[in-house]
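Note sheet for the following structure.
The values are calculated or read from the model by the stated rules, or taken from the named source; none is laboratory data. Computed from a predicted structure; not experimentally measured. Here the Cβ is made from the backbone with ideal geometry for all residues, glycine too, and neighbour counts use every protein chain on show. To get the accessible areas, we keep the full protein, side chains included, count just its heavy atoms, and leave off ligands, DNA and RNA. Shrake-Rupley method; radii C 1.70, N 1.55, O 1.52, S 1.80 Å.
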Amino acid sequence: MRRVGDVWKRGDERIAEFDATALAYDRHRPRYPAALFDGLVAVDGLKAGDRVVEIGAGTGLATSDLIDRGFRVTAVEPSSSMAALLAAKVGKRAEVTVGRFEDVAIEGPVSSVVAFNSWHWVKPETGLERLVDLLEPGGLVCFVWTEVISWGEEPFAQRLVEVSGQPWHRRVREIVRSKDAVELDSRFTAVSPRSYRFERVLDAHGFVEVTKTYGGHFSDQAVTGVETLINDEFDGAVTKVEEATAYTYRRL
Ligand SMILES: C[S@@+](CC[C@H](N)C(=O)[O-])C[C@H]1O[C@@H](n2cnc3c(N)ncnc32)[C@H](O)[C@@H]1O
């Protein structure tokens, strides 16, 4: 099994995959609950006009919500095709910087650095020191990861394994550990994590397409098997339940 903390080492390979599948990613990945962004204002105290750096903004699934809260966003994204989609969406409303968080030039200090399902791709020691350098005293770090709570109505999870012939991981447990570099550092103090549950009804095509965006190889046979399963045994759609958890830290 891959060691916790080593995930970022596969970064080059994964960025290339994100680059090749940017459109599908944008079309099929879930958006984040509005309440999560409201919490950044109401609970964490961010306010309109604050400078916010977004790490690994992808195609901008969180960026527009950040802009809508009035934040001045610098979105950092190493995949050029994802960054192009993002830039087309946000226009002049945000600054888009192509590159890795570890490498790009960003002028500080900033009020907040946020990362939606992306912090685990950043080299831990370099990323931590960049956070320390960039953030103003009292500045906020927010890491978000999304976990699957249920793939669909019972017994869908069990049938998925049988039909696809492969395990269906809840990989988030492994990657969330990348927050420990900040959590254990005496220059930060942790605020309680907050979780936001949401669900989507997915037809067979939607279920398979979003699954592919998480990487890993699915044979044509597995894909057909899962589509047939949803169509024949679940009336053509399943309700996938997920939870986005925001882990926030304050720079002392
Ligand atoms: C799972 S996607 C999340 C995208 C977006 N935040 C979202 O929620 O849809 C992870 C993103 O992190 C980016 N990424 C990978 N390594 C990175 C790094 N070292 N610095 C910044 N972003 C990185 C990838 O290119 C990809 O767009």
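Overview of values
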| read-out | value |
| --- | --- |
| Percent of alpha-carbon pairs separated by more than 29 Å within the chain | 30 percent |
| Surface share of carbon and sulfur [accessible, 1.4 angstrom probe, percent] for segment 102-252 | 49 percent |
| For the chain, built as a Gaussian network whose Cα springs stay under 10 Å, the top-fluctuating residue of 52, 113, 43 | 43 |
| If the convex hull is drawn through the Cα atoms of segment 165-238, its volume per residue in Å³ | 116 Å³ |
| By average C-beta atoms within 10 angstrom, highest first, the peptides 156-166, 127-137 | 127-137, 156-166 |
| Relative packing of 186-194, 34-42, 138-146, which averages over residues the other C-beta atoms within 10 Å, highest first | 138-146, 34-42, 186-194 |
| Farthest positive-ward along segment 160-208 dipole, Cα basis, beta-carbon charges - from 201, 190, 176 | 190 |
| Cα-centre dipole for segment 9-52 with unit charges at Cβ (Lys and Arg positive, Asp and Glu negative), debye to 20 | 60 debye |
| Pairwise label distance in nanometres, residue 220 with residue 162, each label 7 Å out on the Cα-Cβ vector | 2.6 nm |
| For segment 103-168, accessible area per residue (1.4 Å probe, heavy atoms of protein chains only), Å² | 40 Å² |
| Among the listed pairs 89/240; 9/89; 212/240, those beyond 20 Å (Cα-Cα) | 89/240; 9/89 |
| Segment 16-60: Rg to Rh, with Rh as the Kirkwood radius over Cα pairs | 1.09 |
| Cα gyration tensor category, rounded, prolate or oblate, for segment 45-88 with a/c compared to 1.5 | prolate |
| Gained length - residue 105 relative to residue 34, 0.36 nm times residue gap less alpha-carbon distance | 22.6 nm |
| Rounded tilt (10° steps) of 80-90 against the dominant C-alpha axis of the chain | 70 degrees |
| Shape call, segment 75-124: gyration tensor on alpha carbons, a/c limit 1.5 | oblate |
| Percentage relative contact order, the chain, counting C-alpha pairs under 8 Å, at least six apart | 22 percent |
| Test item: Cα-centred dipole of the chain, Lys/Arg +1 and Asp/Glu -1 on Cβ, debye | 660 debye |
